[in-house]
Amino acid sequence: MTDKKHTYAPSLLIGQEKGFAPSVHKPVSMLLIYPNTYYVGMSNLGFQAIYYHANQHPSIFCDRGFVYKSRPVSGILSGISLRSFDIAAFSASFELDYFNIVSALRESGLNPDRTQRKDTDPLILIGGIAPTINPLPLAGIADAIVIGDGEMVLNDLLNACIQGKTRSGRDVLDSLSVLSGVFVPETHNRTNPVMRLQALDLDLFPAQTHVFTAETEFSGRFLIEVGRGCGRKCRFCAADYIYPRPRWRSAESIISAISWNRQFTDKVGMLGVAVMNHPDIDDIIRQVQSWNMDISISSLRVEAIKESVLDMITASGQRSVTLAPETGSDRLRKTINKRFTNDRLLSLVQTLQDVGVQELKLYFMAGLPGETDADIEAIISLCKDISARNIRLKVNVNPFIPKPHTPFEREPMMPQKELKRVFSYLQSEFRAIPRSSFSHASIREAYTEALICRADENMGNEILLNASVRVPKELAGLAPDAPLPWKIVHIPLS
Ligand code: SF4
């Protein structure tokens, strides 16, 4: 059953699950697929939310599927093959998982090229944050792509699919193409932008753990999304430019959901890109603490850490905290619009040590626009200062990727050769910093992700369907007048 080692045993995995179980006796079948393993997918709240909400539809039985190398995909509950479902929907958070979508379709006997599939094949839908940023690389694969918060259109989408079940495939696509936020590659004219959907009232679309499992990253923990969006406008951050308006689930709804799920677990994880900014975070933490539950929070803000969070760290005995300084120099941090200084960070380190924290995980980027060797030196110098305070450091440095919709969308990437030089220099310098470890993301994978982010439809087909694109050694900037494929997505200002 150790899914981490790719030994996928559905009956054993289901046997240890707790929580929501859908009714299977419904006329229309849907397979919701996470394009990665069970271990990864079951900690994804978007996946859990769509699974739960789709099963609330009176006519839909929604099963779950996961992707393993060289294996056909089938429903974990029903055992039915992907190709026998009426609808197959992929929830894609990461561009690199697109390769798993292609292999899942191929291994399951379906042509990943949508123009080659038959009307009797299942409808292939794709949604998630990655296709919301730029849906065009998937236009040769998906029958329809949901742009933005899928919950907003889920019922209408399913109704259109149900009606179309007895009609020709083309009729279904016509029905889907009139829905707001749904991009249907076969019928869309490529000139009218598709509106990005945004759920404003998160109480109506609660995203939380519905199925508990021990076989996932946040094993046995009740995960709950407390908000979406951030509003800080860090200039590299696509998530914040896609959803410029922060939205919160109400404290009553959060507390009530946590209370109800105490029957399954005494561990809670509060998720969101800006958990600490929730207007009622103090009240929520205090209430949950009064139940003696173990709380974890996905992101701590260097700028403003609240008393209640420090109390929570003390009470829970948490020893490790994750922070994202992004760069080692105040100058460069200011240019990317992160609003804190190294002095502020060092004072936070002291505060965290005072409440018992012994280890920091720090995330940086290399290759940011305007970066010089002095900024790389500044990462080392900052980490030396922190390490001198007798705290363990786990440092991770990722290549900067110019993401669509951000002010940096036209910027070049640091050449691969330069990234290798920087990483190897950092590696050797960190060997000399006591109590520290250093790691970096794969340069090749970062370049592949960047290529997909920037791809238009033809490039998407070449990368994903034809596998004919070699990962380049450099990614140049885009000219000011170069067309941007992702402008097919319309993002309202609020
Ligand atoms: S604080 Fe985090 S989530 Fe908010 S804009 Fe900056 S990087 Fe994005």
I need the peptides 189-202, 272-285 ranked by packing, meaning the mean over residues of other C-beta atoms within 10 angstrom, with the highest value on top. 272-285, 189-202
Amide H contacts of Asp149 (H built 1.01 Å from N, under 5 Å, at least 5 apart or other chain): Leu197, Gln198, Ala199
Simple Cβ-charge dipole of segment 256-362, Lys/Arg +1 and Asp/Glu -1, about Cα centre, in debye nearest 20: 400 debye
Between Ala476 and Ala9, the FRET efficiency computed from the C-beta separation at R0 = 60 Å comes out, to the nearest 0.05, as 0.80
Estimated distance in nm for a label pair at Ser290 and Gln16, the labels positioned 7 Å out from Cα along Cα-to-Cβ: 3.5 nm
Subtracting the Cα-Cα distance of Phe264 and Lys118 from 0.36 nm times their residue separation yields 48.2 nm
Checking the cross-link filter: which lysines have an alpha carbon closer than 28 Å to that of Lys361, excluding same-chain neighbours under 8 positions apart? Lys4, Lys5, Lys233, Lys267, Lys306, Lys334, Lys338, Lys384, Lys394, Lys403, Lys417, Lys420
Efficiency of FRET from Cβ geometry, Val469 and Asp203, R₀ 56 Å, rounded to 0.05: 0.80
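What's the local net charge at Ala139, with K and R +1, D and E -1, over the other residues with C-beta under 10 Å away?
Counting the neighbours of Ala139, the net charge comes to -1.
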For the chain, report the translational diffusion coefficient in µm²/s to the nearest whole number, using Stokes-Einstein at 10 °C, 1.306 mPa s, and a Kirkwood Rh over Cα pairs. 66 µm²/s
Using 0.36 nm times the number of residues separating Ser442 and Arg247, minus their current alpha carbon distance, what extension gain do you get? 66.9 nm
Here segment 290-298 yields Karplus 3J(HN,Hα) values (6.51, -1.76, 1.60; θ = phi - 60°; whole Hz; Gly and Pro given as x) of 5, 8, 6, 8, 7, 10, 10, 10, 5
Partnerless Cys - the chain, beta-carbon criterion under 4.7 Å: Cys62, Cys161, Cys230, Cys383, Cys453
Could you please state, rounded to a whole Å, how far the C-alpha centre of segment 228-265 is from the C-alpha centre of segment 23-51? 21 Å
Under the Karplus relation 6.51 cos²θ - 1.76 cosθ + 1.60, θ = phi - 60°, what is the ordered set of whole-Hz ³J(HN,Hα) values for segment 62-74, x standing for Gly and Pro? 10, 9, 10, x, 9, 10, 10, 3, 6, 10, x, 9, 9
So how tilted is helix 416-431 from the main axis of the chain? Cα-based, degrees 0 to 90, rounded to 10. 50 degrees
Pop a pseudo-label 7 angstrom from the Cα along the beta-carbon direction at both Val24 and Val355 and give the gap in nm to one decimal. 4.6 nm
When the Kirkwood hydrodynamic radius is evaluated over all pairs of different C-alpha atoms of segment 319-454, what value in angstrom, to one decimal, is obtained? 15.5 Å
Potential extension, Arg190-Asn155 segment - 0.36 nm per residue separation minus Cα distance: 10.1 nm
Among Ser436, Asn398, Ala476 the positive-end extreme of the charge dipole of segment 338-494 (Cβ point charges): Ser436
How much of the accessible area of the chain, in percent, comes from carbon and sulfur atoms when a 1.4 Å probe is used? 50 percent
Under 5 Å, built H, 5+ apart or other chain: amide partners of Ile80: Gly75
Cleavage-rule hits (chymotrypsin sites (Phe, Trp or Tyr not before Pro)) in segment 9-89: DSSP loop, at most 16 neighbouring Cβ within 10 angstrom: Phe20
Using the Cα centre of the chain as the reference point, and only Cβ charges (+1 on K/R, -1 on D/E), how large is the resulting charge dipole? Debye, rounded to the nearest 20. 760 debye
Keeping all protein chains in place, calculate the accessible area per residue for segment 294-340 (probe 1.4 angstrom), answer in Å². 41 Å²
I'd like the Karplus ³J(HN,Hα) series for segment 17-23: coefficients 6.51, -1.76, 1.60, θ = phi - 60°, whole numbers in Hz, and an x wherever there's a Gly or Pro. 7, 10, x, 5, 10, x, 7
Can you give me the long-range amide H partners of Ile141? Hydrogens built in the peptide plane at 1.01 Å from N, cutoff under 5 Å, separation of 5 or more residues or another chain. Arg114
Might you tell me the accessible area per residue for segment 3-195, computed with a 1.4 Å probe and given in Å²? 38 Å²
Any idea what angle helix 251-260 forms with the longest principal axis of the chain, computed on alpha-carbon atoms, 0 to 90 degrees, nearest 10? 70 degrees
Calculate for the chain the 222 nm mean residue ellipticity that helices alone would give, adding -39,500 (n - 2.57) per DSSP H run of length 4 or more and normalising by residue count, nearest 500 deg cm²/dmol. -9000 deg cm²/dmol
Pick out, in residue order, every one of the trypsin sites (Lys or Arg not before Pro) in segment 452-494 that is DSSP loop and has at most 14 other C-beta atoms within 10 Å; say none if there are none. Arg470, Lys473
Helix 342-354: inclination vs the chain longest Cα principal axis, degrees, rounded to 10, gives 90 degrees
List the GluC sites (Glu not before Pro) in segment 148-242 that DSSP assigns to loop (not H, G, I, E or B) and whose Cβ has at most 16 other Cβ atoms within 10 Å. Which are they? Glu186, Glu217
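The values are calculated or read from the model by the stated rules, or taken from the named source; none is laboratory data. This structure is a prediction, so every number in the text was calculated from the model and none was measured. Note that we place each Cβ from the backbone using ideal geometry, even for glycine, and neighbour counts take in every protein chain shown. Ligands, DNA and RNA are stripped out before the accessible areas are found, and what is left, the full protein with its side chains, is counted by its heavy atoms. Shrake-Rupley method; radii C 1.70, N 1.55, O 1.52, S 1.80 Å.
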